[in-house]
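Values in this text are rule-based calculations from the coordinates and carry no lab data. Remember, predicted model here, so these are calculated numbers, not experimental data. Cβ: placed from backbone, ideal geometry, glycine included. Neighbour counts: every protein chain shown.
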Amino acid sequence: MLPFPEDLIFHHEHIWVRRESHEMGDRYRIGLDAIFLQDLRRVDQLDLPNEGDEISQDEVCGLIRGKEMKKMFFAPLSGEILDVNFELHEEPDIIREDPYGVGWLLLIDPSDPDEELEYLISGEEALEWWEHELKTRQRGPT
């Protein structure tokens, strides 16, 4: 069994992407994986972009604050933000409880998915990468 849903595609900074078909074309839901959230014992606050904002692949697009640390997250794809998960502002720790479901962050209309998706990790490669990342973190710094 995979440690994450098999339909996810990953950015190397532990941001997941899920393609969703809509009548106006494909949209992409974005969230944080369990490895990203591992360092945060709890999530106290999220600084997210706004609906209508444009984000660019590999650029910082938000900040997650925990009790003892904060972590930036990066845009896995470029595009316009269509929806923001405002439930996370009221109950930010939902993201830790269900990072691949109700803990999603953003829904975007991608500007160039065919080009940018090539830089993300999916399928068996994603599983191997994810497991390597988890083992590396468990070992700690060398």
*Taking amide H positions as placed 1.01 Å from N in the peptide plane, with prolines and chain starts having none, which residues 5 or more places from residue 74, or on another chain, fall under 5 Å of its amide H?*
61
_Test of understanding: extend the Cα→C-beta vector of residue 129 to 7 Å, then name every residue of region 11-35 with backbone N under 11 Å from that spot._
11-17
*Please list the radius of gyration and Dmax for the chain, considering alpha-carbon atoms only, with Å as the unit.*
14.6, 50
*So which aspartates and glutamates can residue 71 reach, going by Cα to Cα under 16 Å and dropping same-chain residues fewer than 8 places off?*
13, 33, 39, 44, 47, 58, 59, 93
*Hey, how many Å between the Cα centroid of region 64-86 and the Cα centroid of region 1-27?*
15 Å
*Obtain the nm distance between the two label points defined at residue 89 and residue 47 by a simple spin-label model: each point lies 7 Å from its Cα along the Cα-to-C-beta direction.*
1.5 nm
